[in-house]
Every structure is written in structure tokens, then in C-alpha cells.
Amino acid sequence: MKKSFLIYIVILATLLFSGTKAVDAAGPEGFTVSKVVQSSADNGPRVNLTTINGSFATGNDRVLVYDRGADMGESSDWRKATDFVNDTWLFDAGADGTVQLAIVFGKEGDGLVAKLFDDQDGDGNVSYNVVSGSPVIKESDRPTVIIVAKDGWWTKAGKINYNLDIKVDGKLQATEDFDLDRYKHEGIIDAETHVRDYDGDGFPDLEWTKTFYPGSDRDNIIRSHIRGSETKRLPLEGYAFYPFLKASPRTSEIELYTRSMAPIQIDWGRGKIASTGEFISSRWGGNTWFIKAKAHMRGEQPYKLDFENPFGFYDFSGTNDGYPDVQVRLEYNPPNDPIFNAELGRRFPKPIETVRYSWDIDHNHTWDFGLNLIGRHEIDSVVEFPEFSIKSIPYKEIPNWVKERKWDVANLVIPENGYAWTSEGVYEGQWLQSRDDYVTGFSDTPPDGEVETTAGVGFRVEYNYQYQRQPMLYLSPIDNRIHLLGASDGHWKIDAQRRLEYEDLNGDGYIDQWRLWNSWNEADRGVEANETLTYSGDYLLYSGAGLAAFAPATLPTALYQAAPPGNSEEWASFGQALKKYGKEPLPNTSLMSVFGRLSLVPTVINGAGLSDVRMTQKGLSGWLVIEPGFSKSGALLASEGTTLAPGQYMFRGEIPLTIRKATGPSLSLNGGMQLSSNAPSEGEQVGLSASLANSGEKTASNVLVTFYSQFGTDDPQVLSRSFREIRGGSAVKEDTVWFPRQPGEWRIGVRTEYVDAESNEPRVMEIESTVNVLPWDNAGWLGFVDVSGSGKTVLIIASLGLVMLTSLAAGVVLLSTY
Amino acid sequence: MSISKLAAKAKALTGQPQYLYVAIPAFYAITVSLFLMTRYGGRLAENDTSIFNRFISNVTSSGALVSATDAYTQGMGFQAVASFVISVTGVSVDAFLSFVYLLLSPSLAVMAYTLFRAFTGSARLASLSAFFLFIQPEFLFILFRGNHEKVTFSLVLTALLLLVIAPLIGNRLHIYATFMGLFYLMSFALVTVNVGFAMSWVFAVAASCALGYLISIVFRQFSMGAEMARLFYISTSSMIFIFLFIFYMYTPSIHFIQALTNAVERGAVLLLAAEPAGPADLEGPAMNPYEYVNSAWTSPATYVLLTSFNWMVAVLSFVMWLYMGYKEIIGRTGTWDRPRFTLWLFYAAFGAQVVAGVITDRSGQLGANLQLRVFPLFMLFALPLAAMALERGLINTIEIRALRLPVTGLALALVVWFSVAGLLKATNDPYFSNRWTFYLPQEREGITWASSYLQYSKMWVDFDERTRTSGGQYSSRFQATNQFDPGVMDPDTRYVMISDIVMERSKRVKGITIPNV
């Protein structure tokens, strides 16, 4: 007995719960009613006009509802008196006798239709006549918006019907990015929107809009929109009588994206329909997605859509408050997309996309990380909907689709000073020029300055232009901060002056050098950073503030390592790791404090500095410069014959760290000078090159390399002049071009000049060659007769001879007539 | 054999002297055409030839004067005629532009002879002037390249002839009306071929008219008033043709007007028959044409030598123009007939265009070389005047027995030199010119290969537009999905084609180097 009673209670509760959810589809209204008066518009015995006084746009508004179906009920309750089936509703904002919006409801077959008329002549009034008690719209013979509910109802049992087909003809925001200037109200449909509630729960599941742009197919505009919602929306609110009609005020962006406002908005002051969407807010909360494409949704299916395809929003925290925790935006261009790079006159035969992956790790409505990726992956999966199919990535698979692939270019942007909430994630770090020029192969090198302009003060940016790996992040044990695994470089603009730079010296994917500069300006800041921290895998080395410090250290490569969060578990795990390991990050203005944080006791040399610290295949190397008056704490091993005294030393990363005296630079031009042509002609382009080798250990800096030419006793002419730096044990090739302008004997040479840093003596080397330049025209005119390769030398000469003979004969004959 | 015996033999061969006179320029035109055909074997790399090759191909393939892809904004007459000939004969567009079209040359010589005879009233002077026309380098360049100008000149010569001889037929109104009707037909045809050229022509007629009025008022020579009224009607009616053509008959011409971005360009088109500047062929600012001489020729002296005929004609004709003006306007000798007065007026109008062209060229505001466009037209009036001056000088000197032989010898030597120099200049002979106007078969093969294997790529090909404008459709096929990158190589250019010709040119071209590949 007790059990059966319990089952009864459970069933009852379930029913009650379901009913409540259905009723929830309609939320708070946006209007009030103060008075309802009924009358006969044609002075007949039957009531066919209901006047509703109240507020929907201003404090004092009025609605005139004319009955066209002879079924108006006599009641002071507007819901009982009027209907959305065969009545005409005239909305008079301000109750001043003008009409700002007219909706003519009617039936089409089994369906219901609402025809919306707004002002067309700019007087803020929709003009109409009342004929036989029924209003006839004079403002236009065609509606601006037509809404059709094929099911034959608008609302039923607390549910709102979201199976709608909408057509728009006019200058209004039919969808986002609608180019208003190109449309007019002329009887041609400009956009059609379809809304579907497939599971019949009273909430929209899918909405798509096709725009019929009147310009060229090559115009760079948005043509197609698709929006989807994976969970139930918040109840619809703010409507004025008709559930899709928004009462004043207009919906703000934050409301659009975080609440569920009535979608058809009116500019009540001007009497114009302002917009007809969104029924599914594109960027609402989590569990939402949208596609915004420049391509048409027409022709063969699946439709191949470009641009924002797809854009997913994820509520991994489950708070469902309208703010997503993760956003993944793909900007996709299929192969040979005619719009991609069209302004540059190019086509790219492969697919190409950028990904903007943003996440808020503590759901405090600020973005914490922005990952930007550029790749060349084709989106070839098909997403099927009941009425069409597209090439896209299913909503739930978007994060994994990104994480599973290798990317050509990557950067991680971290707003270290916090970030305002935006509806589309972290905007910094979108390297479109890299995509357009570099990844496409149109340029060999990444664009200049893109890194610098990526983000301003307070942003940390880490990147790699040859990423070629799956995206992964890690938390460094050295600075306790999240980094992009595989980043080659990075920087953090700390404030208006200071900047912290990052570099992965040995290419293992982990940052191992931090350089703190007190100035951004390269001209001000000198060659060496103000502070440098390097981790070699065996040693932690610091240089700055007039001292050098180093300590043996064996640290894990990462305290935590993970891909960007792609589900609730990963999102939570990422947050927990940050809380656990990232509590006390290394101060960005005091790199020396790393030793204390890691409980290391370094050897410190006051009055010394490290420079040119490198990680080579042989391990750590660099220079130790000791100034007069230095002091030392701790052990330091020097190679045999080396005594610690002021001067420049080379150090190596063997265990233990060893220093030794370095040999100075020793330059040579042993390879001589090469010419591209041994017997050049006058005016011919001749390539000159020379190889400069430094067999010493120290770098030869500011080496002036000058190529020159000299004809006879003329003054030598400089062909090129440049400063080079030649590292110890390496060689550089210098080349230039020479155009001998006259035949004869020329002398050409290359001269190198530099000052030996140790002896302060100038060093000059020079090599010279003598070249005999031939006259270019030694072949004479005959040599040029068949330069076009026609093979008709004889004919050409003969025809010219004939011309000469004819002209001679003409001259003779004409002269003879005198 | 003495000169007089040679002349007697020639007379005996040709019969009546007037046939001899017309045969001289006509036969010379044939020999010149033969040389122009054989010089590069039809492998022209010249901008206008390339452009019209494309336009004509579009018309023949689409069957419409305005194809879906592009249309010549200045007119469609030449494309229509060319397409007709190509469709009827079956020759290729390349062959038409390089060879068949040159067959018009002898008839141009006959037309020029007829006009000059009307101007000068002398068959001998007309023959000399027409012969000179085919020596003149810029006119030979018109013959050499494959654009609309041979048709344009035919129409100008015919229209001018009708204009000059129509008033001479006296009171026979129906003949006069026929002549003027034909004149307007020629004028309208000129508008359809090149509306910019037609504008310039109408401006010159209007300027001649204004100058004539001025003279008739200042010097009280009211007898010329009727002639001036006629010129006024002609220029006004022609302007109506132009208006109707641009705005109603061939609306692509509206783009030609719209493309002129400033008043200087618009003025230049109206006054000087300049082409609106297109995309720059080479990097850098607009080129001063007179600096261009330095870079385009092996030396300025070479240029002066090759164009020495032009300088001689300019000096002689100007002296003759001054002499005629002084004699008839100040001296009132009364020997000035209508054709000569028309010649005198048109010389002044087109001379003013040349002067304006030189000034505009010097300012560097227009990329095109205006001298090249205006000068041949000016020569139509300068050559008869120069011939008159030469005749006077020759008669005076030959009468002095001691000077007879050296003067005759010098004159013959100069004629031969001028005829050769004109051809060398017109064909941009590679020995003298640095701006070559031919291409190699191997270069064509290279571009054809690249068209098949490259997509969405840039390829460096030469120092200037030579390869890009080399004739035929193969370069268009390459450009359908690729770009040529002439001049200084762009950093994103990945492909380079270096031919023997490019290597040879590198010895001449200054400031641009072959890519270091």
C-alpha cells in the first residue's frame, strides 16, 4: 500500500514538474493594461473593436484591435476579447492617434500568418482606412515582415510555437551583419528565417536565415546564419501582447546574449520594425552554437559554409547563467574560397582556418586564456538537420576537433591584469596577416610587427610560427605560470616601460629563458636585458642588478600539463591545477627571487654579468664578464690555467659549471672573392661574393664589409657597405651586384674593417681582383638581327635593303621631276 | 646612269606622271610593310597589340561587342571590323594583327596622297608628302603594332579629304550633301572606333574654327567667315555624335569617362587623345617621358639620330607655316585658297596639341607618352608644309649649277637614312633600343608550361611589361589564375623565368636587377 502510494506521488510530481516547465516558456511580459473598452467600428450591433489602453512603448499607449472574423468576445479581459487569428492589431505608441505598427493576423490553410506593416514614408505612422468596420492598410500594399506558423497556433497550453517561417522585405535587421543600405521594401524577399522546435518543448532548437543580397556573389558579406541550442532557453520575456513582439525598451546586447527576450523589435519612435531576431541568441550562455557564413545556403547539399563555421559556447561549470566558460570559434575557408583573400587578388587552393579558443577558468565572467591557432585542415564532416545538411563540426566535437589536430601557427594570450567579458572571447592574438601571407606560403617570413601589435600592456603572449603540434599548455616549475607548450618565444608588456621576454632556447617546447627589460624601446635598451634567468636542465643562471648567480637545479619540466579544456572535467581539472600550483608565481620584476622560491643557494659573483647565454647541442654556453672589484660567494670551477680576474670568460654547462678564458675574434677572407661571370660584358649584372670566417671564439662585432669597383685611375666606387656580426667559430657570406658600365680593365675588391675589442686596434683586410670587361655590342647590328629567333635573317636584311632601294628610287624619281 | 635617265625610265614604265606619283608612296608602303612583317616574325610584345588581341578574341568567341568579361571602353568599331574579317577569312587573331592588318598600308598611302594633293594642289608635293608619311617613325609604329590606329587613320584621312574638297564643288548641292553625309559617316565611324581620339579630333576642328574667326576679325578677312561657320557646325555635330555614343549607344564608354580621375586627365583626353592611365606597369612613380628616352634608348644621341626626320619636318613646316601666315594674312597676296587655309589652321590646332602634349609629358602627370599619340596626327599637316618648304629650297639651290650635284646627293643620302632610321625607331630595334617589343618562342613555351602547372602564384618574367604583353592568348591563360611580376621582384614571388633575352636585356636595363636565384 505504502509503495503504491509512493509511486502515485512520484507520477504526480513528474506531471506537475512537466507542466511547470511548459508554462515557463513564457516569462515576464513587457506591457501593462490599464483599461479595455469595446465598441462597434461600423456602428452595428456587434462588438468588433477592442481598445486596449496601457503601456508597451511609452507610459501611455494604446492598441486598437479590429475583429475581422466576427468572433470578438465581449469581455474586459483583452485575452478573451481578442485573438491572433483573424484580428488586426494597430499599435499606437503614445496614444496620439498614429499607428507605429500594424499586424494583420489571418489563416493560410491550416496555418496562422501574421503580416507586419511599418512606416514606409518617414512620417512615423502606418496609415490605414476603416472600411465597413475593418481596417485596410494604406501605408504599403505588402507587409514588411510575414510570420507563418504552419501548425496553426502561436501559443498553446503555456507553450510558445517555435515552428515559424519568416520572410522579410525591407530595410531592417533581418539578421546580424545585414547590410541595410542594400535592401529596400519593394516586394522582393530580402531574407527568410526558419525557426524550429523539433522536440516540441516550447523552446527553439534551430534557427537559420538565408539572406538574398542583391549585389555580386563576390561581395564580402554575410549571407547565411544558423543558430542552435542544445538545452532549453530561459523563458521568453519582455513581449507586447503577441509573444514574439518586443515591448520597449530595445533589447541590449547583454540581454540578447544572457536572457531570452522577444525577438521582433520595434523602433516605436519611428514606427519601424528594427529587427526580427535572434530567436536563439547566438552567443547565449553555454550549450549554444552558431554559424555565420559568406557562402550561400543553396545548391547541392551538404552546404559548404565558410567564415564562422562553427562557433561553439560551452557552460562547463553548469551554472547556466548565460555566461559561457569556454568558447571555440573557427574562421574557416574551404579550398579555393573565392572570398578568402579576394581583396589581395589571390586564391588559396587548400582549406585554411583560424581558431580562437577562449576560456574562463573560474566562471567569474572574465576570460583568462586565449589560444589562437592557424591551420590547413578541411572540415569534411557532415552535420545533418531534418531539413538540410552542412559541412561543419558537430557542436559537441568542436573542442576535440581542435585539440586532436596539429597547427601551423599558435599563440597563447593571457590577460595577466584581467579581461573584460566579451561575447566572443579574447580578441587579442588573431594573426590574420600570418594566415593570409605566411601560412598560405605567399611570404617566406612571418609578418613584421604582428607580435608587437598583438596585445598591449598587461597581456602575456607566447607563440610559435612553426608550431606543427597539437595544442598543449603546461605550468612551469620556474615561474609557476601557464605557458604554451611548444612556444618558441613570448613577451609580457608589464607596464608602459617594462617588458618580460620568454624564449625556448633548446627547442624542447618549454620556456627556459626569461629576460626582463626596463624599456620596450629597442634603441634605449641596449644589447643585454636588465635581468636574465636561464634554466639549462642542470643549472639555473641569473644575471642582472650587477651580479651573476647560478645554482645546480634539477626541476620537472612541468608541474601540470594539459590541453585546453574541452569538457567539464578538463575545465575543472585545469582550474584545480591552477589553484594548487599557480598560487605564488614568480614576480615579473624580480627574477633573482627564483632561487629563494626554489630553496636553492646560488654561487653569486657581484660585479659580473652573463651574456649570450645559449643552449646548444653541446649544452649550455655563454660569456661571463667580470668587472674590476668583483666579489664571489660559493664555488666556481675554472679550467686549467684560468685564474679568476676581471675579463671575459667562456662558460660551459658541464657538471660542474666550468669557465675558461676565451680567445678573441680572428677574421679571414680565405675563400677570396667569387664572380658570377669570369668574362663579363659591359652592363652585365655580375654577382660578387666573399666569405668571412671567424676562427676565434669571441664574436667579431661591427665588422664593416665594403665591396668596391675601380676603373683605371678613376676613384673607387663603393658597390655596397654593411656591418656584420660574426660569431666565434662561424662564417658568413656577403654578396653584392656589380654592373660594369664601360669596357676595359676594372679592379674590384672587398675590404673588412673592425676594431679588436681586446687590443683596441683597428684590423683591416682587403682582397682585390682585376677583371677585363668586354664591350657589350661587339656583335654589331648584325648580331641583333635575329635576336628574336625568327630564323629569317636573310629575309629581314633583304626587306630592309628593299626599303632602302625603294626610298632611293623614290628620291631619284621625285628629284628628276624638277 | 644619270638621275635624269633613271627618271625618264621610270616615267616610261609608269605611263602618266600622276600614276607615278601615287605609285611611289604606295609601293614604298608595301616594302615597308614587308619589313615590319618580317622583322620579328609576328612575335610582337607590345601593350596595345596585346590588349586588342584580347578584345577581339572576346568579341569573336562571345559573338557580342561587349563581352561578359571585359570591353574596350573607348569604342568597338575596330573590334567589330576585325572580328568580321577574322570570321570571314578564318585567320587567327595573332595573324590578323601581325600580318593581315598590314595590308591596309598601301591603301593608306593612296588616301594620304589624295588628301595631300587636295591640300597642296600638286601631285608631286602630294607624292612627296605621302612618301614622307611612311618614313615618319611614329606613323610607322602605328603600322607596326596591332591596335585600332590604322583604321582610325584611314577614317581621319578620308574625313579630312571630304572636309577639304566638299566646298570646292561649287553649287552642286546634291554632291555637296553627299560629300558632307559621307564626312559625317566617317566622323561617326571614328567615334565608334575610339571616342577619346574623336574628342581630340573634334577639339582640333573647333580650335581651328576659333583661330579662323580670330584671324578673320583681327585682320578683316571676312571672306573666310563661311568656312569658319562650316567648321563650327561640324565640330558641334560631332560632339553630339560623341555624346550619343557615350551615353546611349555604347555605355561602356561611360567607364572611360569615369576612369579619368582628375581634371588633368580629362583635359588631356579631350585635347591630346591620351589614354587614361591604367595600372602602373612598373613600380615607382609616374615616369617622365623625357627621362624615359634615356632609359629606353642606348643613348639620347641615338634617339635624336633615329628621330632626325621628325626634327627636320618640324622645323621646315613651322618655317613654312610662318611664311604662309605672313604672306597671306599680313601681306594679303590673295593666293590663299580654302584647302591651304584649312591646312594652315589645322597645323596650328594640332601643333598646339603637340606643344600641350610636351608640357604635360614634362609634368609627368600622365603615364602615357602623349608625343607618340598626337605627333602622327600633327604630321598629316606638317608633312605637306615641309614638302612645300623643301620644294622651294630645292628649286632655289638646284638652279645654282655648282650646288646641284652635292645637294642632290645629300638629299638622296638623307632619304635613305631617314627611311632606315624610321623603321629602326618604329620597331624599337634591339641594337638601339633598351625597350624591346618582341618575344622568343621559348619564352612562350615557358609561359605555357607555367599556365599548366602553376596556380595562384606570381612569376617574375622581365624588367617591364614585355612578356606580359607578348601577343596571343597564352599570357592571358597564365594570368587567369596567376600574376606576372615584372620589374623589381615582390617578396612573395616564388617563380622566376629568365630567358636569353632577359639576360641580354640585363646589360641595358638600369636600376633593376635579375632576381638572384
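The values are calculated or read from the model by the stated rules, or taken from the named source; none is laboratory data. Since this is a predicted model, take the numbers as computed values, not measurements. Please note: Cβ atoms are built from the backbone with ideal geometry, for glycine as well, and neighbour counts cover all protein chains shown. SASA here: full protein model, heavy atoms, side chains in, ligands and nucleic acids out. Shrake-Rupley method; radii C 1.70, N 1.55, O 1.52, S 1.80 Å.
Could you tell me whether any residue of the stretch B:475-485 is within 11 Å of chain A (Cβ to nearest Cβ) and outside any helix (DSSP H, G or I)? Among the residues of the stretch B:475-485, at least one is within 11 Å of chain A (Cβ to nearest Cβ) and outside any helix (DSSP H, G or I), which makes the answer yes. Output yes when any residue across the stretch A:736-755 is out of contact with any helix residue (DSSP H, G or I) (no Cβ under 9 Å at 6 or more places or on another chain), more than 8 Å from chain B (Cβ to nearest Cβ), closer than 30 Å to A:Lys698 by Cβ and open to solvent by 80 Å² or more (accessible area, probe 1.4 Å), and no when none is. Taking every residue of the stretch A:736-755 in turn, at least one turns out to be out of contact with any helix residue (DSSP H, G or I) (no Cβ under 9 Å at 6 or more places or on another chain), more than 8 Å from chain B (Cβ to nearest Cβ), closer than 30 Å to A:Lys698 by Cβ and open to solvent by 80 Å² or more (accessible area, probe 1.4 Å).
Residues are listed down the side, and each one gets a yes or a no for (1) more than 21 Å from A:Trp359 (Cα to Cα); (2) more than 14 Å from chain B (Cβ to nearest Cβ); (3) free of Cβ contacts under 8 Å to residues at least 60 places away in the same chain; (4) open to solvent by less than 10 Å² (accessible area, probe 1.4 Å):
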site	(1), (2), (3), (4)
A:Ala420	no, yes, yes, no
A:Ser434	yes, no, no, yes
A:Gly441	yes, no, yes, no
A:Pro446	yes, no, yes, no
A:Tyr465	yes, yes, yes, no
A:Gln470	no, yes, no, no
A:Ile482	no, yes, no, yes
A:Gly486	no, yes, no, yes
A:Asp489	yes, yes, yes, no
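With the condition kept exactly as written, say whether any residue in the stretch A:219-239 is part of a loop (DSSP other than H, G, I, E, B), modelled with pLDDT of 90 or more, over 23 Å from A:Glu424 (Cβ atoms) and of a type in the set (Gly, Ala, Ser). The answer is yes; a qualifying residue exists.
Going by the structure shown, is B:Pro406 more than 29 Å from the chain's Cα centre (by Cα) and within 14 Å of chain A (Cβ to nearest Cβ)? So B:Pro406 passes the test.
Every residue, every condition in (1) part of a helix (DSSP H, G or I); (2) on the phi > 0 side of the Ramachandran plot; (3) open to solvent by 20 Å² or more (accessible area, probe 1.4 Å); (4) touching a residue at least 12 places away in the same chain (Cβ under 8 Å), yes or no:
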site	(1), (2), (3), (4)
B:Ser105	yes, no, no, yes
B:Phe119	yes, no, no, yes
B:Leu163	yes, no, no, yes
B:Pro167	yes, no, yes, yes
B:Asn171	no, no, yes, no
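Looking at A:Glu745, A:Glu758, A:Glu753, A:Glu766, just one residue is closer than 17 Å to A:Gly683 by Cα and among the charged types (D, E, K, R), and that residue is A:Glu745.
Pick out the one residue from B:Pro441, B:Pro430 that is open to solvent by 30 Å² or more (accessible area, probe 1.4 Å) and within 13 Å of chain A (Cβ to nearest Cβ). Explain how you work it out, then say what you get.
Numbers: B:Pro430 fails: open to solvent by 30 Å² or more (accessible area, probe 1.4 Å).
After applying the criteria, what remains is B:Pro441.
All told, A:Pro556 falls short of being at pLDDT 90 or above, open to solvent by 30 Å² or more (accessible area, probe 1.4 Å), over 30 Å from A:Pro324 (Cα atoms) and in a strand (DSSP E or B). Of the residues making up the stretch A:336-360, those that are among the aliphatic types (A, V, I, L, M) and in contact with a Pro (Cβ under 8 Å, 6 or more places away or on another chain) number 0. Residues that are part of a strand (DSSP E or B) and open to solvent by 50 Å² or more (accessible area, probe 1.4 Å): does the stretch A:684-698 have at least one? There is no residue in the stretch A:684-698 that is part of a strand (DSSP E or B) and open to solvent by 50 Å² or more (accessible area, probe 1.4 Å).
I'd like to know if the stretch A:325-345 contains one or more residues that are among the β-branched types (Val, Ile, Thr) and open to solvent by 20 Å² or more (accessible area, probe 1.4 Å). No, the stretch A:325-345 contains no residue that is among the β-branched types (Val, Ile, Thr) and open to solvent by 20 Å² or more (accessible area, probe 1.4 Å). Does A:Glu452 satisfy being farther than 26 Å from A:Asp315 by Cβ, away from chain B (no Cβ under 14 Å) and of a type in the set (D, E, K, R)? The answer is yes for A:Glu452.
Check whether at least one residue in the stretch A:511-525 is within 14 Å of chain B (Cβ to nearest Cβ), of a type in the set (Ser, Thr, Tyr) and surrounded by fewer than 17 Cβ atoms within 10 Å (Cβ to Cβ), and report yes or no. Step through it out loud before you land on a result.
Restricting attention to the stretch A:511-525, the residues satisfying the condition of being within 14 Å of chain B (Cβ to nearest Cβ) are none.
Within the stretch A:511-525 (the criterion being within 14 Å of chain B (Cβ to nearest Cβ), of a type in the set (Ser, Thr, Tyr) and surrounded by fewer than 17 Cβ atoms within 10 Å (Cβ to Cβ)), the answer is no, since none of the residues qualifies.
Candidates B:Val32, B:Val22, B:Val59: the one that is modelled with pLDDT of 85 or more, more than 21 Å from the chain's Cα centre (by Cα) and either within 9 Å of another protein chain (Cβ to nearest Cβ) or buried (at least 23 other Cβ atoms within 10 Å of the Cβ) (or both) is B:Val59. Could we say that B:Leu185 is under 30 Å from B:Ser92 (Cβ atoms), among the hydrophobic types (A, V, I, L, M, F, W, C), out of contact with any Gly (no Cβ under 7 Å at 6 or more places or on another chain) and free of Cβ contacts under 8 Å to residues at least 40 places away in the same chain here? Spelling it out, it is not the case that B:Leu185 is under 30 Å from B:Ser92 (Cβ atoms), among the hydrophobic types (A, V, I, L, M, F, W, C), out of contact with any Gly (no Cβ under 7 Å at 6 or more places or on another chain) and free of Cβ contacts under 8 Å to residues at least 40 places away in the same chain.
Residues of the stretch A:189-208 that are farther than 21 Å from A:Arg259 by Cα and in a strand (DSSP E or B): A:Ala191, A:Glu192. Listed by first and then second residue, the pairs with beta-carbon distance under 7 Å, at least 6 apart or on different chains, first residue in the stretch A:385-411 and over 19 Å from A:Arg227 (Cβ atoms) and part of a helix (DSSP H, G or I), second open to solvent by 20 Å² or more (accessible area, probe 1.4 Å) and at pLDDT 95 or above, are A:Lys403/A:Gln470; A:Lys403/A:Ala563.
Given A:Val812, A:Val773, which one is within 14 Å of another protein chain (Cβ to nearest Cβ) and touching a Pro at 6+ places or on another chain (Cβ under 9 Å)?
On the way: A:Val812 fails: touching a Pro at 6+ places or on another chain (Cβ under 9 Å).
Of the residues listed, the single one that is within 14 Å of another protein chain (Cβ to nearest Cβ) and touching a Pro at 6+ places or on another chain (Cβ under 9 Å) is A:Val773.
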